[in-house]
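The structure appears right after this line, and notes come after that.
Derivation of every value follows stated rules applied to the coordinates shown; laboratory data play no part. Note that the structure is predicted; figures quoted are calculated from it, not measured. Heads up, the Cβs are rebuilt from the backbone with ideal geometry, glycines too, and the neighbour counts pull from every protein chain shown.
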Amino acid sequence: MTKTDKIDKTDATCPCGGPRFQTCCGPFLAGVAVADTPEKLMRSRYAAYATGTEDYLKATWHPSTRPQETLTDPALKWLGLEVKNVTQDGDRGTVHFVARCRAAGKGQRLEETSRFVREDGLWFYIDGDINDIEKQ
């Protein structure tokens with residue numbers, strides 16, 4: 001059972017900040033929908049981190065840069081996401097965001113500009129520049 005199985009898919013607010021998990025990132029994580037913009041992919045990847053959906057993170061990470069190690073950490077509690085800026089130029093895109101989490105009782109803030117590429121109609125995360133990490 002993954003963490004997504006534990007979410008009440010009818011009423012739960014989506015981890016990415018969307019209205020309902022069932023109609024926001026849930027279909028992407030379940031593999032029944034495909035993100036059609038870099039922002040939707042980034043939001044769904046945030047939801048995957050928040051729910052521990054490791055297989056989705058690996059599937060949406062471009063094979064040329066995909067790490068082999070485990071990507072999720074059950075000790076982290078993801079608290080919120082703010083998208084600052086989105087750009088798209090053909091099959092390339094960037095998303096500048098701030099993600100907040102708590103680890104060992106301490107709040108943390110991750111600010112990143114992520115790069116995405118679309119290949120054969122599918123968007124993939126390539127890599128990102130970490131702009132700022134703060135402990136709160």
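For D127, the residues 5 or more places off, or on other chains, whose built amide H falls under 5 Å of its own are R115.
When the Cα positions of T87, G105, L41 are compared along the charge dipole of the range 3-135, G105 comes out farthest toward the positive end, with charges on each C-beta of Lys, Arg, Asp and Glu. Considering only C-alpha atoms, what is the centroid distance from the range 16-56 to the range 86-101, in Å? Their Cα centres are 15 Å away from one another. Karplus-based coupling profile of the range 39-44, in residue order and whole Hz: 5, 4, 5, 4, 4, 5, with θ = phi - 60° in 6.51 cos²θ - 1.76 cosθ + 1.60 and x standing for Gly or Pro.
Within the shell defined by Cβ-Cβ distances under 10 Å, the residues around C24 carry a net charge of +3, with Lys and Arg each +1 and Asp and Glu each -1.
For D55 and A104, FRET efficiency with R0 = 30 Å and r from the beta-carbon atoms, rounded to 0.05? After rounding to 0.05, the efficiency reads 0.70. Calculated [222 nm] ellipticity per residue, helices only, for the chain: -5000 deg cm²/dmol; basis is -39500 (n - 2.57) per DSSP H run with n ≥ 4, divided by all residues, nearest 500. The residues packed around L71, meaning those with a beta-carbon under 12 Å from its beta-carbon, carry a net charge of -1 if Lys and Arg are +1 and Asp and Glu are -1. Going from the fewest other Cβ atoms within 10 Å to the most, the residues V95, V32 appear in the order V32, V95.
By definition, a body whose alpha carbon gyration tensor gives a ≥ b ≥ c is rounded when a/c is under 1.5, and the chain falls into this rounded group.
Fully extending the segment from T70 to K84 would add 2.3 nm, taking 0.36 nm per residue of separation and subtracting the current Cα-Cα distance.
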